[in-house]
1. Somewhere in segment 501-518, is a residue touching a helix residue (DSSP H, G or I) at 6+ places or on another chain (Cβ under 7 Å) and either assigned to a strand (DSSP E or B) or modelled with pLDDT of 95 or more (or both)?
2. For segment 533-554, give me each residue that is farther than 30 Å from ALA66 by Cβ and either outside any strand (DSSP E or B) or of a type in the set (S, T, N, Q) (or both).
3. Just give me the residues in segment 349-383 being under 33 Å from the mean Cα position of the chain (by Cα) and surrounded by fewer than 20 Cβ atoms within 10 Å (Cβ to Cβ), in sequence order.
4. If MET146 passes every condition in (1) without any contact (Cβ under 8 Å) to a residue 24 or more places away in the chain; (2) surrounded by 17 or more Cβ atoms within 10 Å (Cβ to Cβ) but one, which one does it miss?
5. If ASP515 satisfies every condition in (1) under 25 Å from ASP186 (Cβ atoms); (2) surrounded by fewer than 19 Cβ atoms within 10 Å (Cβ to Cβ) but one, which is the exception?
6. Within segment 176-188, identify whether any single residue is under 17 Å from the mean Cα position of the chain (by Cα), surrounded by fewer than 21 Cβ atoms within 10 Å (Cβ to Cβ) and assigned to a strand (DSSP E or B), and answer yes or no.
7. When you look at THR375, is it assigned to a loop (DSSP other than H, G, I, E, B) and within 26 Å of ALA300 (Cβ to Cβ), yes or no?
8. So the check is Cβ under 7 Å with 6+ separation or different chains; which pairs have a first residue in segment 86-110 that's in the same structural domain as SER140 (by TED's automatic domain parsing) and more than 24 Å from THR148 (Cα to Cα) and a second one that's modelled with pLDDT under 90 and hydrophobic (A, V, I, L, M, F, W, C)?
Amino acid sequence: MRLIAPPVRPSASERGIVLVAALLFVLLSSVLVLTMMVTTTGERTQSSNAQTAKLALYAADAGVRAQQQVLANLAKAKIDSCFAAWVAAGSMPSQPIVASPTTLFPAGTLGPAYSANSANPAFSASGSINYSTGGVSPASQSYDYMYTIVSSGSLNATGGRRVQSHGMLRLSASRGSFSDFLVLTDQFKMANNGTVWFTSSDLFDGRMHTNDGFRFAFQPEFQDRVTQGGANATFYNNGDTPVVADANNNGSIDMPKFYGGYLRSQPTIALPTNANDPQSFSLGLTPNGTAPTTTQVNTALGYPSGGAPSKGYVINDGTNVTGGLYVLGTATTVKVYADTTNDRQYYRISVGPNHMSIEIDPAANKTRVWNKPNTTGSPDNVYTGVPRGVLFASGGISNLAGPDRDVVTGDVPAAMAENQRQLIASPGDIVIQGDLTCDVYDAATNVLGIWSSGGSVRIGNSAPDNLHLDAFVMACGATDGEFRVDNYNSGLPRGTVNLRGGVVARFYGAFYTWDVDGNPVTGFTRHFQYDRRGLIPPLYPTTNRFETDNPTARTLVWKEI
């Protein structure tokens with residue numbers, strides 16, 4: 001027989017315990033959830049506040065940048081006004097452009113007209129500016145000002161940050177370089193008074209200027225600014241009587257395309273009349289604008305008593321290179337070529353029967369010389385150092401060329417090695433008979449200048465078709481200073497002169513002849529592209545004209561206040 005125990009009934013004191021436990025669990029869970037919600041909300045609020053503060057700081061910094069631009073724009077207007085008055089007074093380089101730099105800007109904090117404000121992003125900035133220091137020289141003038149900017153930034157009116165910036169603002173003006181131009185001529189005609197025209201066969205990408213007036217036929221294109229001293233242009237008018245007018249075109253007959261604008265009646269630019277400074281520099285002397293004396297020349301060549309033979313020289317003291325390259329007499333050949341693997345520069349100079357081959361080795365800081373027209377065998381002389389960047393020929397150069405083209409591919413080897421900057425100058429004519437190009441042109445480490453101070457620069461009869469020339473060319477002879485093609489009006493068309501650089505000449509030399517439709521019949525057409533790499537050949541002359549630079553503001557100290 002089984003015995004079944006009866007169910008135990010809870011005592012009265014234990015009744016409702018489950019309900020209490022459940023209520024406690026619900027209460028604790030609610031507290032936990034509430035705590036998590038409060039924590040999450042707090043973190044979101046804190047994150048939002050941090051983001052607001054960050055954006056307000058960014059807005060304050062934007063105010064600093066905007067105020068810097070306001071100061072730069074004001075400075076540009078100020079120096080341009082002073083410059084105009086300085087030019088009207090005679091443009092004397094010894095006189096300051098800014099007559100009273102201490103009072104150029106208002107004292108104290110600049111007024112609302114010169115304060116930067118914005119609603120999006122929200123900032124309010126103001127600045128003060130005071131004169132610091134300046135300098136006036138024959139080649140440039142500069143005026144430095146110290147500024148203080150205070151800027152406040154905010155976001156949705158819920159946060160605010162305030163910053164302060166101290167810095168320097170420079171106002172300056174400097175002489176322009178003749179390397180600033182793709183084409184610059186004193187007179188727009190041939191040296192023999194022959195008429196020249198820009199035609200549809202020419203391509204120009206760079207600044208153009210003449211002190212005279214340009215002449216246009218058909219539809220030549222100009223990618224950059226064109227300026228001239230004369231008030232009128234001349235138009236071909238289909239071979240009928242030329243039209244002379246203060247205009248950009250001749251109706252629908254001659255319609256040049258000026259993508260950078262065409263300004264007439266502009267200030268003229270005087271051309272240099274000598275190459276005294278390059279000559280002195282090549283001899284190891286300090287350029288001072290005057291020609292070196294015969295004694296100075298003979299001494300530098302190693303013949304102080306005179307009697308120096310006509311040939312090429314590396315100016316040296318017996319051990320070290322002390323100057324550049326110098327040619328006494330007229331060079332029958334100057335060959336320029338490069339070792340593009342080892343970045344060595346070579347020159348072969350011949351004056352009649354006297355030959356010299358030169359290797360410039362920057363890596364070893366050595367210059368090696370062979371007294372023959374090649375570099376086979378051991379050099380005759382080895383000097384420490386490398387020549388100054390000027391080759392000066394006292395009588396002219398009859399054959400200036402780079403290396404010959406590849407006979408199979410037609411490729412043009414480089415004449416100028418990387419990191420070479422050279423000016424080839426002479427008072428006589430310089431005749432280009434071959435390609436002259438720069439190795440790794442886009443690396444912007446090498447540049448060539450060719451300057452005839454008293455004659456012309458000519459493209460000779462032996463130059464190849466479709467000539468390639470990476471150079472700034474200058475021809476300043478008083479009666480024959482032009483960059484021209486020999487026998488331009490005979491034979492068959494020879495293609496194009498592909499110039500990357502610039503041309504400055506007393507006259508505008510002829511390159512080709514053309515038919516009634518502007519198509520070339522003989523000679524070379526022009527494809528001139530300005531060298532925008534920012535390099536200038538050594539001792540390349542500056543113009544007589546000052547130009548104001550764009551003021552720049554530079555931050556020195558920045559802090560939050």
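1. yes
2. ARG533, LEU535, ILE536, PRO537, PRO538, LEU539, TYR540, PRO541, THR542, THR543, ASN544 - these are the residues of segment 533-554 that are farther than 30 Å from ALA66 by Cβ and either outside any strand (DSSP E or B) or of a type in the set (S, T, N, Q) (or both).
3. GLU359, ASP361, PRO362, ALA363, ALA364, ASN365, LYS366
4. Failed condition: (2).
5. (1)
6. yes
7. yes
8. Close Cβ pairs satisfying both conditions: SER91/PHE546.
The values are calculated or read from the model by the stated rules, or taken from the named source; none is laboratory data. Keep in mind that this is a model prediction, so the values were computed, not measured. Using ideal geometry, Cβ is built from the backbone for each residue, glycine included, and neighbour counts are taken over all protein chains shown.
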